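To start, the structure itself, in structure tokens.
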Amino acid sequence: LRRLKLDCIPLLQVHWPDPKRAFEETLAALILLRSQGKIRHIGICNFSSTELLKIRAWKDIISCQDSYSIIDRHVETDVLPILEGAKVSVMAYATLVHGLLTGKYGPSSRFSSNDLRSRHPAFHGDAFRRNLARVEMLKEIARRYGKTPAQVAIRWVLKNPRITCAIVGAKT
């Protein structure tokens, strides 16, 4: 808190479930930190549907963050139905699929071994070819409305009423 120059962390999210301990143990520690005034809210990220089904204390969790885009729609079937009725904000990350939906990559694009895209399945083989075809459709929609493919992709995510925000990364 001193290093962050904060009195309280507004939102602390468990980025991945810990395979070595029950989530209830982690949640109990977070609730203690909240009762001490060190954190205000508790969130989770990247929990599978199986892990989400095990969570019983939804009253203590305010947010759930997961990947969601025109290409990666697993949230619609794996996450949102489980959260139905829970007062949990759903934050979408990777809404541009690591730049793929910006339209700047093509069939000849190559990625160095230290680039995340070199290991991401959306950028390989048949999946990459299918995704590039989707990007071409996205470009056409963007042209029709005077927008960029990225704007259309982000807007598509935000049109889902269960999505609270779309998180995007930028190099510039």
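Bear in mind that the values in this text are calculations on the coordinates, not laboratory data. Keep in mind that what you see is a predicted model, and the values were worked out from it rather than measured. Reconstructed Cβ throughout: ideal geometry from the backbone, glycine too, with neighbour counts over all protein chains shown.
Worth pointing out:
- Distance between modelled label sites at CYS165 and ARG3, nm, 7 Å Cα→Cβ extension: 2.2
- Here's the list of aspartates and glutamates a cross-link from LYS104 could span, going by alpha-carbon distance under 12 Å and ignoring same-chain residues fewer than 8 apart: GLU136.
- Here the Debye sum runs over all C-alpha atoms of the chain as equal scatterers in vacuum, and log10 of I(q)/I(0) at q = 0.13, 0.14, 0.15 Å⁻¹ comes out as -0.77, -0.86, -0.94.
- Net charge dipole, the chain: roughly 620 debye, given to the nearest 20, about the Cα centre with Cβ charges of +1 for Lys and Arg and -1 for Asp and Glu.
- Taking 29 Å as the straight-line reach from the Cα of LYS59, the lysines in range (excluding those fewer than 8 positions away in the same chain) are LYS5, LYS20, LYS38, LYS87, LYS159.
- Loop-located GluC sites (Glu not before Pro) in region 1-75 whose Cβ has at most 13 other Cβ within 10 Å (DSSP): none
- Cα-Cα separations in region 1-70 greater than 19 Å, expressed as whole percent: 35
- Considering only ILE55, THR77, HIS15, the residue lying farthest towards the positive end of the dipole of the chain is HIS15, judged by Cα position with unit charges set on Cβ.
- Global size of region 62-142: 14.7, 45 Å for Rg and Dmax (C-alpha atoms, Rg to one decimal, Dmax whole).
- Label reach from LEU12 (point 7 Å along Cα→C-beta): in region 59-92, amide nitrogens under 17 Å belong to 60-64.
- Per residue, the average separation of C-alpha pairs within less than 8 Å and at least 6 apart gives the chain a relative contact order of 19 percent.
- Cβ-Cβ FRET estimate between LEU132 and THR50, R0 fixed at 35 Å, reported to 0.05: 0.60
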